[in-house]
Amino acid sequence: MQSRNCSVWIVAAAALVLSVSALRAALPVDPDLSAPPSLAGQLLIATPLLRGPPFEHSVILLGQYNKDGAVGIVINRPLDRFPLAKLIEAFGADASGVKDSVMVFSGGPVDPEFCVVLHSAEYRNADTIDVDGRVALTNGSAILRDIGLGKGPRKSLLALGYAGWAPSQLDAELAHGVWDMMPEDPALVFDDDRTKVWSDATARYKSAH
């Protein structure tokens, strides 16, 4: 099943891609002062109550949370490596000089043709949306080209698809103990062995509580 899923996602990658406007629609940037404090930048760690696909043993970085719902990126579902040049060309952009490949992740079950880079916040272009001052999200060919030319963010994770919740849905899941939640740690988001992200995040949560 895993190899079949990888093939499906890689085909979706070749088909690419939603526009920056779609990213901003998924992650609204205007603050809602009437909403509760944002949970953007928090990690959701699936508890043993959450069984089966698509979220068993998932760890999700929340990119947005407000009265309209929540959006996040799964950070521990690597699929396969894919040539950066092919991804850039799928945007209709110039990929000359780009020869590297990049690991592609399944960011969640919603909109699997949606391509976004979760990255360290020192990198920014016109299409970047800040999450919490330490990590950010950027869509488009420019960041892919910069990564391929060694001018991109220090840390990055390229995802296809995302996780989404309707208004109050995530709050209900948190109340029922489906997720544990803690502030993100860039080392865990980008550097940790992907096969250990869930167990390491779970251990850190338990040690803090």
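The values are calculated or read from the model by the stated rules, or taken from the named source; none is laboratory data. Values in this document were obtained by computation on a predicted structure and should not be read as measured data. Ideal geometry is used to build each Cβ from the backbone, glycine not excepted, and the neighbour counts take in all protein chains shown.
Looking only at the stretch 182-207, which residues are exposed (fewer than 14 other Cβ atoms within 10 Å of the Cβ) and either assigned to a loop (DSSP other than H, G, I, E, B) or among the β-branched types (Val, Ile, Thr) (or both)?
Passing the criteria: 193, 195, 196.
Filter the stretch 112-148 down to the residues that are outside any loop (DSSP other than H, G, I, E, B), more than 20 Å from residue 79 (Cα to Cα) and of a type in the set (D, E, K, R) and list them by number.
130, 145, 146 - these are the residues of the stretch 112-148 that are outside any loop (DSSP other than H, G, I, E, B), more than 20 Å from residue 79 (Cα to Cα) and of a type in the set (D, E, K, R).
Based on this model, can you work out whether residue 139 counts as of a type in the set (S, T, N, Q), within 22 Å of residue 102 (Cβ to Cβ) and either touching a residue at least 60 places away in the same chain (Cβ under 8 Å) or touching a Ser or Thr at 6+ places or on another chain (Cβ under 6 Å) (or both)?
Working: of a type in the set (S, T, N, Q): yes; within 22 Å of residue 102 (Cβ to Cβ): yes; either touching a residue at least 60 places away in the same chain (Cβ under 8 Å) or touching a Ser or Thr at 6+ places or on another chain (Cβ under 6 Å) (or both): yes.
Yes: the conditions hold for residue 139.
Please enumerate the residues belonging to the stretch 94-128 that are surrounded by 15 or more Cβ atoms within 10 Å (Cβ to Cβ) and over 26 Å from residue 165 (Cβ atoms).
Matches in the stretch 94-128: 95, 98, 101, 102, 123.
Okay, residues lined up against (1) in contact with a His (Cβ under 8 Å, 6 or more places away or on another chain); (2) over 26 Å from residue 50 (Cα atoms); (3) free of Cβ contacts under 8 Å to residues at least 60 places away in the same chain:
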{"site": "101", "(1), (2), (3)": "no, yes, yes"}
{"site": "108", "(1), (2), (3)": "no, no, yes"}
{"site": "114", "(1), (2), (3)": "no, no, no"}
{"site": "124", "(1), (2), (3)": "no, yes, yes"}
{"site": "127", "(1), (2), (3)": "no, yes, no"}
{"site": "165", "(1), (2), (3)": "no, no, no"}
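Quick one: which residue in 137, 149, 144 is within 18 Å of residue 89 (Cα to Cα) and crowded, with 22+ Cβ neighbours inside 10 Å?
On the way: 137 fails: within 18 Å of residue 89 (Cα to Cα); 149 fails: crowded, with 22+ Cβ neighbours inside 10 Å.
The match here is 144.
Report, by residue number, each residue of the stretch 156-181 that is more than 12 Å from the chain's Cα centre (by Cα), buried (at least 16 other Cβ atoms within 10 Å of the Cβ) and part of a strand (DSSP E or B).
165, 179, 180
Determine whether residue 105 is at pLDDT 95 or above, in a strand (DSSP E or B) and farther than 14 Å from residue 155 by Cα. Walk me through how you get there before you give the answer.
Values: at pLDDT 95 or above: yes; in a strand (DSSP E or B): yes; farther than 14 Å from residue 155 by Cα: yes.
So residue 105 fits the description; yes.
Kindly evaluate residue 55 against the criterion of being closer than 26 Å to residue 150 by Cβ and among the hydrophobic types (A, V, I, L, M, F, W, C). Let's see the steps before the verdict.
Numbers: closer than 26 Å to residue 150 by Cβ: no; among the hydrophobic types (A, V, I, L, M, F, W, C): yes.
No.
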